[in-house]
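No value in this document is a laboratory result; all are computed from the given coordinates. Everything numeric in this text was worked out from a predicted model, so none of it was measured. Positions of Cβ are backbone-derived with ideal geometry, glycine not excepted, and every protein chain shown enters the neighbour counts.
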Amino acid sequence: MGWKLIKAARAIGSFILEGRSLRTGGHGKVKGSKVRQILVTGGAGFIGSHLVDRLLWRGDRVTILDNFNEFYDPSVKWDNIQTHVQHPKFHMERGDIRNIYDMESVFSKNEFDVVVHLAAMAGVRPSLKDPAFYIDVNVLGTQRVLDQIAKCRHKPLLVFGSSSSVYGARPDEMFSETDSIDRPLSPYAASKAASEAIAFAAHHTTGLQVVALRFFTVFGPRQRPDLAIHKFCDLIYNGKPIEVYGDGTSKRDYTFIKDIVAGVEKATDLKEPGFEIINLGRSEPVVLSYVIECLENALGKKAIIEYKPPQVGDVPNTFANIDKARKLLNYAPSTSIKSGIDEFVQWYLARKAKQKAAERV
Ligand SMILES: NC(=O)c1ccc[n+]([C@@H]2O[C@H](COP(=O)([O-])OP(=O)(O)OC[C@H]3O[C@@H](n4cnc5c(N)ncnc54)[C@H](O)[C@@H]3O)[C@@H](O)[C@H]2O)c1
């Protein structure tokens with residue numbers, strides 16, 4: 001049934017709007033440089049599809065492996081890659097990172113220079129409902145990726161999408177890569193910490209080169225519908241109440257997708273990094289009530305807020321120390337929460353308008 005839905009969504013693919021591309025025009029390939037072969041697992045998702053935009057613009061050959069699961073509407077993912085599928089340097093494999101045959105099929109056809117591993121079951125709260133599934137996809141799945149890389153004649157660099165959630169509940173101060181991560185508060189957070197650990201083991205035993213990037217609450221066009229900014233936007237737009245867990249003073253280091261993608265791209269360029277863990281955040285946490293205010297202003301509508309007790313698994317604050325990212329990746333996040341939310345809301349409203357137009361036909 002899922003596949004039928006997906007096919008239908010593809011057939012009428014234009015009814016859901018394409019997210020605003022991060023492309024700035026022109027072609028990014030450096031003259032004379034070798035065309036890189038890059039695998040992006042989870043390449044149809046929110047972060048993955050933006051990264052693919054960037055890599056194709058740069059001139060890389062990109063393969064994605066994605067199982068288009070139903071964590072959220074898969075037609076959104078097809079829409080994310082709508083422009084990619086026509087690109088001559090883009091190739092898509094539909095498969096599961098846990099499935100050895102799917103993985104062997106992808107790796108037997110290509111000699112990758114870089115593997116960016118983003119495929120995962122994302123989300124803290126949903127992980128509480130099915131911990132074993134989260135561990136299966138995120139940890140076993142990562143091990144399958146590591147196993148394939150270990151077999152390669154020329155081992156590609158692995159860039160892994162980890163998460164700020166590994167830091168657990170912390171005082172209101174900056175999180176540094178050297179901090180202990182032995183108290184994750186959710187199965188999702190534990191799965192990311194475990195994935196970093198098995199990646200280190202692979203580095204130690206096989207010499208695999210690894211960069212684990214800890215993303216801090218990523219937002220922007222195409223954001224997953226389960227994440228707060230997207231969810232709240234939808235509810236405010238539809239005049240429905242939003243549930244705020246706690247008193248609205250929880251703080252997050254929201255990071256705009258364009259800044260995250262710039263950091264991931266720079267990580268793919270690292271030569272012989274060994275094993276590095278690097279925070280990618282904005283390093284300017286804001287309180288939830290400010291995010292709601294920005295959404296209200298961008299939408300021109302007031303939110304109806306229902307306060308609820310804090311949720312198990314949620315951390316009270318996140319705050320990235322990005323000194324290492326600045327140093328190793330020349331990373332310089334530049335998008336404020338306000339302008340990022342404005343851009344997100346423009347994308348959201350354009351998508352709504354297109355959906356409504358399609359419904360009228
Ligand atoms: N979005 C954030 O704020 C955030 C923060 C920290 C870390 N991350 C991590 O970044 C990565 C990307 O997150 P996202 O927000 O783009 O999520 P997403 O759900 O939009 O993207 C993940 C993609 O992986 C695919 N996938 C899931 N299980 C798979 C499997 N078994 N085999 C193949 N493909 C599979 C999904 O279909 C999806 O397209 C994830 O690893 C996530 O844990 C995201």
When L270, L329 are ordered from fewest to most other Cβ atoms inside 10 Å of their Cβ, what list results?
L270, L329
Amide H of V244 versus every other amide H placed in the peptide plane: which residues, excluding those fewer than 5 positions away on the same chain, fall under 5 Å?
E306, Y307, K308
Of I260, I278, I236, the one that fluctuates the most in a GNM where the chain has Cα springs shorter than 10 Å:
I236
Once the Cα gyration tensor of the chain is found, what semi-axes does its equivalent ellipsoid get, as square roots of 5 times the eigenvalues, in whole Å, sorted largest first?
30, 25, 20
Starting from the Cα gyration tensor of the range 144-186, take the square roots of the eigenvalues, sort them a ≥ b ≥ c, and report rounded, prolate or oblate (rounded when a/c is under 1.5, otherwise prolate if a/b is larger than b/c, else oblate).
prolate
So which trypsin sites (Lys or Arg not before Pro) in the range 137-217 pass both tests, a DSSP loop state and at most 10 other Cβ atoms within 10 Å of the Cβ?
R153
Name the residue farthest towards the positive end of the dipole of the chain from the options I305, I64, I135, assuming +1 on Cβ of Lys and Arg, -1 on Cβ of Asp and Glu, about the Cα centre.
I64
Could you list which residues have their amide H under 5 Å from that of F275, counting only those 5 or more apart in sequence or on another chain, with H placed in the peptide plane?
V210
G123: net charge of surrounding residues, Cβ under 9 Å, Lys/Arg +1, Asp/Glu -1, itself excluded?
+1
Test of understanding: in a Gaussian network model of the chain with alpha carbons linked when under 10 Å, which of H91, H117, H50 would top the mean-square fluctuation ranking?
H91
In whole Hz, the Karplus estimates of ³J(HN,Hα) for the range 117-134 (6.51, -1.76, 1.60; θ = phi - 60°; x where Gly or Pro) are 9, 10, 4, 5, 7, 9, x, 6, 4, x, 5, 5, 7, 9, x, 4, 5, 4
Hey, got the dipole for the chain? About the Cα centre, +1 on K and R Cβ, -1 on D and E Cβ, debye to the nearest 20?
1180 debye
5 Å is the cut-off here: which amide hydrogens, built 1.01 Å from N in the peptide plane, fall below it relative to T318, excluding neighbours closer than 5 in sequence?
K251, R252, D253
What pairs from K89/K129; K155/K352; K155/K231; K266/K352; K231/K258; K155/K192 go past 32 Å between their alpha carbons?
K89/K129; K155/K352; K155/K231; K266/K352
Per-residue [θ]222 nm for the chain (sum of -39500 (n - 2.57) over DSSP H runs n ≥ 4, rounded to 500)
-12500 deg cm²/dmol
